[in-house]
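Written out below as structure tokens is the structure these notes cover.
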Amino acid sequence: VQLQASGGGLVQPGGSLRLSCATSGIIFSIHAMGWYRRAPGKQRELVAHISSGGGLNYLESVKGRFTVSRDNAKNTVYLQMNSLKPEDTAVYYCNAHNLMGDYWGQGTQVTVSS
């Protein structure tokens, strides 16, 4: 099983980034997908979640700014991040899970700074 996150980088406050997480080795369509982040000195937190059926949940602080989506044909989940703030700086990880397994990607660094 592989989850390959990409799309991170350095962006100015107010800017946008789109993260992608390409998966292999799982039946993507029957897995819920999550984006997590860990900022320096803080615990990992769930940023956005999309169920296998398309149900959405977001961390309160990113509502209205971040959008999670999935493309089952491409086995890929996305996180569109707009109006980025310095407090969004973190390593972002994707996760795939269902009753049979729980899988993590390697993380991609997002830095929001002027």
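No lab work stands behind these numbers, since they all come straight from the coordinates. Everything quoted here is computed from the prediction, not taken from an experiment. Positions of Cβ are backbone-derived with ideal geometry, glycine not excepted, and every protein chain shown enters the neighbour counts.
Inside segment 58-72, can you point out the residues that are surrounded by 14 or more Cβ atoms within 10 Å (Cβ to Cβ) and either hydroxyl-bearing (Ser, Thr, Tyr) or part of a strand (DSSP E or B) (or both)? Result: TYR58, PHE66, THR67, VAL68, SER69, ARG70. Checked against (1) farther than 11 Å from VAL77 by Cα; (2) in a strand (DSSP E or B); (3) over 10 Å from the mean Cα position of the chain (by Cα), LEU46 passes all but a single condition, namely (3).
So that you can scan it fast, the table gives a plain yes or no per residue for (1) under 17 Å from PRO13 (Cβ atoms); (2) free of Cβ contacts under 8 Å to residues at least 24 places away in the same chain; (3) in a loop (DSSP other than H, G, I, E, B); (4) among the β-branched types (Val, Ile, Thr):
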position: LYS74; (1), (2), (3), (4): no, no, yes, no
position: TYR78; (1), (2), (3), (4): no, no, no, no
position: VAL91; (1), (2), (3), (4): no, no, no, yes
position: HIS97; (1), (2), (3), (4): no, no, no, no
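Listed by first and then second residue, the pairs linking a residue in segment 39-50 that is closer than 10 Å to ASN95 by Cα to a residue that is assigned to a strand (DSSP E or B) and aliphatic (A, V, I, L, M), with Cβ atoms under 8 Å apart and 6 or more places separating them unless they lie on different chains, are HIS49/ALA32; HIS49/MET33; HIS49/LEU56; HIS49/VAL68.
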